[in-house]
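Undergrad: The structure's right below; bear with me while I get my questions together.
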Amino acid sequence: MKHEIKVNKTNSSRINEVDFNNLQFGKEFSDHMFTAEYSNGVWSNFQIEPMRPIEFHPATSAFHYGQAIFEGLKAQKDKEGNILVFRPDMNAKRMDISAERMGMPALPEGLFIEAIDELLKIDSTWVPTNENASLYIRPFMIATDNYVGIRESENYKFIIFTCPVGAYYSAPVNVYVSEEYIRAFPGGVGFAKCAGNYAASLYPLRFAKQEGYDQILWLDGIEKKYFQECGTMNVFFIIDNILITPPLDEGTILAGITRDSVIILAKEMGIPVEERKISVAEFIQAHKENRVQDVFGAGTAATIVSINIIGYRDVKYQIPALETRTISTAIKNQLNQIKYGEVADNKHWMMKVKVAQNLEV
Ligand SMILES: *Cc1c(COP(=O)(O)O)cnc(C)c1O
């Protein structure tokens with residue numbers, strides 16, 4: 001290991017207070033967190049310490065000017081109890097990409113992965129063993145200057161905490177295509193996992209929810225013609241047996257790691273994949289001709305989420321029944337088998353956490 005991480009373990013674990021059979025996403029927190037500080041141009045003070053509230057000065061710049069970015073990834077246990085983390089190198093890279101766009105510092109090379117590895121070793125018993133459950137890992141970085149004024153902060157905090165989460169039951173979702181509100185423009189911050197992107201989506205989502213929709217399917221901000229993504233998941237269409245997803249080149253779409261994995265697995269399965277613009281008009285035409293076979297979202301939380309209805313203006317476009325969606329089901333099963341170590345990991349996607357003593361029974 002390259003970085004020295006000081007460990008201060010709790011002497012009162014909360015694990016027995018947690019009902020692992022009734023985990024709600026994002027509401028239970030493991031015993032420890034990793035913290036690091038940036039000041040005078042360097043990252044230092046790498047620590048694993050008991051999970052606890054932290055005090056911040058009211059002028060902390062992240063609260064006012066929004067230099068705040070995050071990541072999300074998952075760890076699972078295989079049948080032997082090994083902890084497997086899904087593609088953490090990709091999250092490490094994306095964290096640096098988000099940081100750069102928000103004028104924040106990159107992390108020291110390797111720290112992201114080492115910190116997760118150490119944290120999971122210490123909280124290894126928090127990785128659920130229940131079927132399809134996992135440990136959600138939330139790394140984030142915030143600006144911590146106590147300063148009122150717009151400038152890049154000189155001080156930052158990088159923290160990782162984790163949440164045991166249950167099997168994600170992903171009911172098919174209904175999405176509404178918004179023409180009024182826009183998530184991302186070329187030149188903007190759509191490709192960054194920055195806090196403000198999610199804050200900006202809440203008000204539009206309020207109205208969509210009133211109409212019975214679960215999420216918004218965002219359009220490009222210039223022509224309002226082309227699909228972008230769903231705001232927490234990337235979107236895929238299957239039309240004429242071709243898997244189509246919007247391209248990343250305009251910087252308006254978050255480069256999902258699930259998205260990347262779906263594309264790789266689909267190609268392996270011999271499914272033609274097109275990363276290209278897809279317009280509402282193309283979708284409507286194909287829908288009219290019964291050529292739309294599947295529409296789904298892809299993201300870490302649920303892997304693959306079937307889309308049931310796409311609402312556009314006053315029309316609800318029904319996507320075919322779940323039983324017919326054999327391609328996305330096959331991709332989802334393959335992804336889950338890789339994540340839980342049930343098939344050979346020939347792409348070396350899984351990082352194995354080496355727990356010295358396996359205390360599991
Ligand atoms: C996190 C996120 C995704 C999904 O990315 P994964 O790496 O697959 O979890 C998609 N879109 C947005 C806007 C996101 O924030």
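Undergrad: Within the group Thr10, Thr60, Thr35, which residue is open to solvent by less than 50 Å² (accessible area, probe 1.4 Å), farther than 21 Å from Thr144 by Cβ and in contact (Cβ under 8 Å) with a residue 12 or more places away in the chain?
TA: Numbers: Thr60 fails: farther than 21 Å from Thr144 by Cβ; Thr35 fails: farther than 21 Å from Thr144 by Cβ.
Step by step, each of Thr10, Thr60, Thr35 is checked, and only Thr10 is open to solvent by less than 50 Å² (accessible area, probe 1.4 Å), farther than 21 Å from Thr144 by Cβ and in contact (Cβ under 8 Å) with a residue 12 or more places away in the chain.
Undergrad: Out of Ile284, Ile310, I need the residue that is over 25 Å from the mean Cα position of the chain (by Cα) and farther than 30 Å from Ile137 by Cα. Which one?
TA: Details: Ile310 fails: over 25 Å from the mean Cα position of the chain (by Cα).
Within the list Ile284, Ile310, the selection yields Ile284.
Undergrad: In this structure, does Lys316 turn out to be surrounded by fewer than 20 Cβ atoms within 10 Å (Cβ to Cβ) and either closer than 25 Å to Phe227 by Cβ or in contact with a helix residue (DSSP H, G or I) (Cβ under 7 Å, 6 or more places away or on another chain) (or both)? Break it down into steps so the answer makes sense when it comes.
TA: Values: surrounded by fewer than 20 Cβ atoms within 10 Å (Cβ to Cβ): yes; either closer than 25 Å to Phe227 by Cβ or in contact with a helix residue (DSSP H, G or I) (Cβ under 7 Å, 6 or more places away or on another chain) (or both): yes.
Yes; evaluated as a whole, the condition is true for this residue.
Undergrad: Being on the phi < 0 side of the Ramachandran plot, open to solvent by less than 70 Å² (accessible area, probe 1.4 Å) and of a type outside the set (Ser, Thr, Tyr) is the requirement here; does Ala344 meet it? Reasoning before the result, please.
TA: Details: on the phi < 0 side of the Ramachandran plot: yes; open to solvent by less than 70 Å² (accessible area, probe 1.4 Å): no; of a type outside the set (Ser, Thr, Tyr): yes.
Here the answer is no, as Ala344 does not meet what is asked.
Undergrad: Any chance you could count how many residues in segment 214-225 are within 16 Å of the ligand (Cβ to nearest atom) and not aliphatic (A, V, I, L, M)?
TA: Here the count works out to 5.
Undergrad: Tally the residues that are touching a Pro at 6+ places or on another chain (Cβ under 8 Å) and closer than 18 Å to Arg325 by Cα, restricting the search to segment 276-306. Spell out how you get there, then give the answer.
TA: Of the residues in segment 276-306, the ones touching a Pro at 6+ places or on another chain (Cβ under 8 Å) are 276-278, 292-294, 305-306.
From what is left, the residues that are closer than 18 Å to Arg325 by Cα are 292-294, 305-306.
Of the residues in segment 276-306, 5 are touching a Pro at 6+ places or on another chain (Cβ under 8 Å) and closer than 18 Å to Arg325 by Cα.
Undergrad: Checking the structure you have, find out if any residue of segment 243-263 is over 17 Å from Ser306 (Cβ atoms), more than 11 Å from the ligand (Cβ to nearest atom), among the β-branched types (Val, Ile, Thr) and in contact (Cβ under 8 Å) with a residue 24 or more places away in the chain.
TA: no
Undergrad: Further, regarding this structure: Is there a residue in segment 264-286 that is modelled with pLDDT of 95 or more, within 16 Å of the ligand (Cβ to nearest atom) and open to solvent by less than 30 Å² (accessible area, probe 1.4 Å)?
TA: yes
The values are calculated or read from the model by the stated rules, or taken from the named source; none is laboratory data. Worth saying up front: this structure is predicted, and the values here are computed from it rather than measured. Don't worry about glycine lacking a Cβ; one is built from the backbone with ideal geometry, like all the others, and counts go over all protein chains shown. What goes into the accessible areas is simple: the full protein's heavy atoms, side chains included, and nothing from ligands, DNA or RNA. Shrake-Rupley method; radii C 1.70, N 1.55, O 1.52, S 1.80 Å.
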